[in-house]
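Take a look at the structure set out below.
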Amino acid sequence: TYRKTRNRLDSWTPLGYSLCGVVVEVGEGVHGFEVGDLVAAAGNEFALHAEVNWVPRNLCVRVPDGVLAEHAAFSTVGAIAMQALRRAEVQLGETACVIGLGLVGQLLVRLLVGAGVRVVGLDTVEERCRTAEEGGAVGCAGPDPAGVDRLEALLRAGAPGGADHVFLAAGGASNEPVELAARLARDRACVVDIGKTRLDLPWNAYYEKELDVRFSRSYG
């Protein structure tokens, strides 16, 4: 047995929350699915990295014809990015900064670009910055002083004062993302937290700009 104080990483834990698979059985009263259907599924208690899963009806969706299973498996991650975009209530022609260009951040960049938003990005990994630029971001840089200065210049070229929206898609124990968000945002901008990052808000910076901080609850 494990003591309550034991590190959770030492215990057996099912992994996964996003998958694509084939329906092998349909529960009683469930409509819209048939055995053999290719479906995408979500849920960190249901869409596990296992050969067989039991998934509730509202966490499954049939995969459209022509969509590859390896692409459909990312549906949940895409929904996480989409929910963040919805929480920000972005408008055509606005400017956004995505801090953290991992998988969710990359998808968010593309969704924002598709919504007609001018996007810049920030990440510590150069390759991720270039990938985001290939996805439509007007410019990306690292968190070093020169990189942040470059992003500020890019933002103000399209939106005087800074970004209309800042998305925190980074994770970790550093408070740097939330501090950079305040610097890169315009007055009364919206800051949306997606990743599990430290959130010790620098009170003066957030108060003086009257920033609106919102949380994005996974895929809603």
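None of the figures in this text is laboratory data; all of them are computed from the coordinates on show. Quantities reported herein were computed from a predicted structural model and do not represent experimental measurements. Every residue, glycine as well, gets a Cβ built from its backbone with ideal geometry; the counts of neighbours run over all protein chains shown.
Quick notes
- Cβ-Cβ FRET estimate between Ser218 and Ala157, R0 fixed at 41 Å, reported to 0.05: 0.75
- Measuring spread by the Cα atoms of the range 86-170 yields a radius of gyration and Dmax of 11.3, 31 Å.
- Computed FRET value (nearest 0.05) for Val52 with Lys196, which takes r as the C-beta separation and R₀ as 25 Å: 0.30
- The 3J(HN,Hα) values that the Karplus relation (6.51, -1.76, 1.60; θ = phi - 60°) gives for the range 156-165 are, in residue order, 6, 5, x, 8, x, x, x, 6, 6, 9 Hz. Gly and Pro appear as x.
- From phi via Karplus (6.51, -1.76, 1.60), per-residue ³J(HN,Hα) for the range 105-119 in Hz, x at Gly/Pro: x, 5, 5, 5, 4, 5, 5, 5, 4, x, 8, x, 9, 7, 10
- Amide H within-cut-off set for Val119, under 5 Å, with H built and near neighbours excluded: Ala96, Val138
- Per-pair calculated FRET efficiency, R0 = 25 Å: Glu134 and Glu176 via Cβ, rounded to 0.05: 0.50
- Stokes-Einstein D (µm²/s) once Rh is taken as the Kirkwood radius of the range 16-75 over alpha-carbon pairs, at 20 °C in 1.002 mPa s: 187 µm²/s
- Cα-Cα separations in the chain greater than 28 Å, expressed as whole percent: 38 percent
- The chain: angle of helix 75-88 to the longest principal axis, Cα-based, in degrees nearest 10: 40 degrees
- Linear extension gain, Glu28 paired with Val148, 0.36 nm per residue minus alpha-carbon span: 37.6 nm
- In this structure, the amide hydrogen of Asp193, modeled 1.01 Å from its nitrogen in the peptide plane, lies closer than 5 angstrom to those of Leu168, Arg214, Phe215, Ser216, counting only residues at least 5 positions away or on a different chain.
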